[in-house]
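Colleague: One structure follows; several queries about it will come next.
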Amino acid sequence: MTGRVIVITSGKGGVGKTTTSANIGTALAKEGYKVVLIDTDLGLRNLDLLLGLENRIVYTIVDVIEDRCKLKQALVKDKKNPNLSLLAAAQTRDKTAVNADQLKDICEELKKKNDFVLIDCPAGIEQGFQNAVSGASEAIVVTTPEMSAIRDADRIIGLLEAKEEIENYRLLLNRVRPNLIKSNEMMSVDDVVEILSCPLIGIIPEDTGIITSTNKGEPIVNDETALAGQAYRNVAKRVLGEEVPFLDLDEPKGFVAKIKDIFAKLKVKV
Amino acid sequence: MGLFTDFYNTVAKFFRPQDDENGGDSSKSVATNRLKLVLMQDRTNLTPKILEQMRGELIDLLSKYVELDKELLELNFEHEGDQVALMLSIPVIRAKDEEEIEAAINNSKQQEDSSDDADENSDEEFVDVTDESSEQIEKNSDENDSEQDSVDEEFSENTENATQPIKKKSKKTSENIEESEENLQEEVFE
């Protein structure tokens, strides 16, 4: 088996890299694929919290690199889904504890036994970013419809272009607020795609459910009724190569009706 | 000529984004425009003034040959593979006929004659310029050079820096684009 290694990156902090990693990883595992999530944000780890695994971590990626444990021992299995496991970052060390080659080796090892290796990249464009990108052949660039996030995403896209190992990258537009787009107070999905000229892999609406799901340590894709959960499940399907239409969020008329529609459909399914 | 333009503007109005009618000052369009500009600078290291100047000169040059919609003309630097490409979108209302082109060229020639003591050989140059547009670019910017000496001095530092990243990034750019970009920068701003 040779799995795919995908890095989830953004440049700017706080746009939802970790949330995206947790949700795409969980959604892919729910589809029956074996997935490993790697948190490369050394010193500022959070992926464990979003997955609710913070109490189960014994070994971290630095322990693996410094030979204190085997790679297999450091993988923490998800509570619900045995297909999903986490390789946590060390909280007490900084970015210099790992170098690009070491991370590359770990990815090579993991992709032998997994369908997907998802790398949660730290914010910034320094060493941490370079490390995280080194093992990946695909990238998902997370951004929000705000100027600063888009500018940073543009920078990241430029850096990804320069990396030969990265075969393709796609854009995930997070925290979209259809009502603000409608009143011309927020850039629309089309605006952002046009500006960055980067193919789109997902549009995630702003959803207060994200806050409660983080509180509980349970990714929102597990919530069948949440719109953001649906959007992330669609992203996972697109990662798998399925053609799924984007949730039509910024329809100028009848947005409320659309939401009701979506809920109605979901109820039928459940 | 005016009839064409009027007609075009009436039709085009229907297709322009709505916020143009609201004066284009919704916070969204402000953000989009600011962002587009800042990304052009990020991608090329050119200053806004220089970009605006480049846009203005391109419009002047192209207006001699075709009637174009200046408002909708878009100048953008985009990532194309691992290079940066200069993208120009020029909405052409209609092509001018030969007489108009000659008139426009003579007109601009006269303007330059009067505004500064134009080069002695500029007359000859401008007659056969119509055939070879590449020469046209060079010569046109040569002419402008003299006018803009003062501006250029201000920017000379910036431009020296600015030419570097493009060269780096566009290693394998199709030679046309690279050359024309470099031409523009070097010719206009050195």
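Colleague: Checking A:Lys17 against (1) within 18 Å of A:Leu110 (Cα to Cα); (2) crowded, with 24+ Cβ neighbours inside 10 Å, only one condition comes out false. Which one?
Modeller: Failing condition for A:Lys17: (1).
Colleague: Considering only segment A:179-205, state which residues are over 13 Å from B:Lys28 (Cβ atoms) and buried (at least 18 other Cβ atoms within 10 Å of the Cβ).
Modeller: Correct list: A:Leu196, A:Cys198, A:Ile201, A:Gly202, A:Ile203, A:Ile204, A:Pro205.
Colleague: Given (1) crowded, with 17+ Cβ neighbours inside 10 Å; (2) farther than 18 Å from A:Leu28 by Cα; (3) in contact (Cβ under 8 Å) with a residue 60 or more places away in the chain; (4) charged (D, E, K, R), identify the lone condition not met by A:Asp120.
Modeller: (2)
Colleague: Ok, one more. Quick check on my filter: what residues within segment A:193-248 are in contact (Cβ under 8 Å) with a residue 12 or more places away in the chain, more than 14 Å from every other protein chain (Cβ to nearest Cβ) and of a type in the set (Val, Ile, Thr)?
Modeller: Those that are in contact (Cβ under 8 Å) with a residue 12 or more places away in the chain, more than 14 Å from every other protein chain (Cβ to nearest Cβ) and of a type in the set (Val, Ile, Thr): A:Ile201, A:Ile203, A:Ile204, A:Ile210, A:Thr214, A:Ile220, A:Val221, A:Thr225, A:Val235, A:Val239.
Colleague: Then there is this: Residues being within 22 Å of A:Thr96 (Cβ to Cβ), among the aliphatic types (A, V, I, L, M) and either modelled with pLDDT of 95 or more or buried (at least 21 other Cβ atoms within 10 Å of the Cβ) (or both): count how many of those fall in segment A:26-56. Even if it seems obvious, please write down each step before you answer.
Modeller: At the first step, the residues of segment A:26-56 found to be within 22 Å of A:Thr96 (Cβ to Cβ) are A:38-48.
Pick out the ones that are also among the aliphatic types (A, V, I, L, M) and you get A:38, A:42, A:44, A:47.
Subsequent filtering for residues that are either modelled with pLDDT of 95 or more or buried (at least 21 other Cβ atoms within 10 Å of the Cβ) (or both) retains A:38, A:42, A:47.
So the answer is 3.
Colleague: Right, something else. Which of (1) within 14 Å of another protein chain (Cβ to nearest Cβ); (2) free of Cβ contacts under 8 Å to residues at least 60 places away in the same chain does A:Val189 not meet, given it meets every other one?
Modeller: The number of the failed condition is (2).
Colleague: While we're here: Does A:Ser213 satisfy the criteria of being farther than 26 Å from B:Ser29 by Cα, buried (at least 17 other Cβ atoms within 10 Å of the Cβ), of a type outside the set (Val, Ile, Thr) and touching an Asp or Glu at 6+ places or on another chain (Cβ under 8 Å)? It would help to see each step written out before you state the result.
Modeller: Details: farther than 26 Å from B:Ser29 by Cα: yes; buried (at least 17 other Cβ atoms within 10 Å of the Cβ): yes; of a type outside the set (Val, Ile, Thr): yes; touching an Asp or Glu at 6+ places or on another chain (Cβ under 8 Å): yes.
In short, yes.
Colleague: I need a count of the residues in segment B:28-54 that are away from every other protein chain (no Cβ under 14 Å), polar (S, T, N, Q) and not in a helix (DSSP H, G or I).
Modeller: Taking segment B:28-54 and keeping what is away from every other protein chain (no Cβ under 14 Å), we get B:46-54.
Filter once more, keeping what is polar (S, T, N, Q): B:47, B:53.
Subset that is not in a helix (DSSP H, G or I): B:47.
The qualifying residues number 1.
This table checks each residue for (1) in contact with a strand residue (DSSP E or B) (Cβ under 7 Å, 6 or more places away or on another chain); (2) over 23 Å from A:Val5 (Cα atoms); (3) more than 10 Å from chain B (Cβ to nearest Cβ); (4) of a type in the set (A, V, I, L, M, F, W, C).
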| residue | (1), (2), (3), (4) |
| --- | --- |
| A:Ile140 | yes, no, yes, yes |
| A:Arg155 | no, no, no, no |
| A:Leu160 | yes, no, no, yes |
| A:Glu165 | no, no, yes, no |
| A:Leu180 | no, yes, no, yes |
| A:Glu185 | no, yes, no, no |
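Colleague: Mind listing whichever residues of segment B:74-100 are at pLDDT below 75 and under 14 Å from the mean Cα position of the chain (by Cα)? Walk me through how you get there before you give the answer.
Modeller: Of the residues in segment B:74-100, the ones at pLDDT below 75 are B:78-84.
Scanning segment B:74-100 gives no hits.
Colleague: OK, next. Just one of the numbered conditions (1) more than 18 Å from the chain's Cα centre (by Cα); (2) in contact (Cβ under 8 Å) with a residue 24 or more places away in the chain is not true of A:Cys69; which one?
Modeller: (2)
Rundown of residues vs (1) free of Cβ contacts under 8 Å to residues at least 24 places away in the same chain; (2) surrounded by 20 or more Cβ atoms within 10 Å (Cβ to Cβ), yes/no style:
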position: A:Ile61; (1), (2): no, yes
position: A:Gln73; (1), (2): yes, no
position: A:Leu84; (1), (2): no, yes
position: A:Thr92; (1), (2): no, no
position: A:Lys111; (1), (2): no, no
position: A:Ile140; (1), (2): no, yes
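Colleague: Follow-up question, since we're still on this one. Under 7 Å between Cβ atoms, which residue pairs at least 6 apart in sequence (or on different chains) link something in segment B:89-107 that is hydrophobic (A, V, I, L, M, F, W, C) with a partner that is in a strand (DSSP E or B)?
Modeller: B:Ile90/B:Leu68; B:Val92/B:Val66; B:Val92/B:Leu68; B:Ile93/B:Glu67; B:Ile93/B:Leu68; B:Ala95/B:Val66
Colleague: Quick one: is B:Lys13 modelled with pLDDT of 80 or more, away from chain A (no Cβ under 12 Å) and within 26 Å of A:Val193 (Cα to Cα)? Let's see the steps before the verdict.
Modeller: Numbers: modelled with pLDDT of 80 or more: no; away from chain A (no Cβ under 12 Å): yes; within 26 Å of A:Val193 (Cα to Cα): yes.
For B:Lys13, the condition - modelled with pLDDT of 80 or more, away from chain A (no Cβ under 12 Å) and within 26 Å of A:Val193 (Cα to Cα) - is not met.
The values are calculated or read from the model by the stated rules, or taken from the named source; none is laboratory data. The structure displayed is predicted, hence computed values, not measured ones. Neighbour counts run over all protein chains shown; Cβ positions are idealised from the backbone, glycine included.
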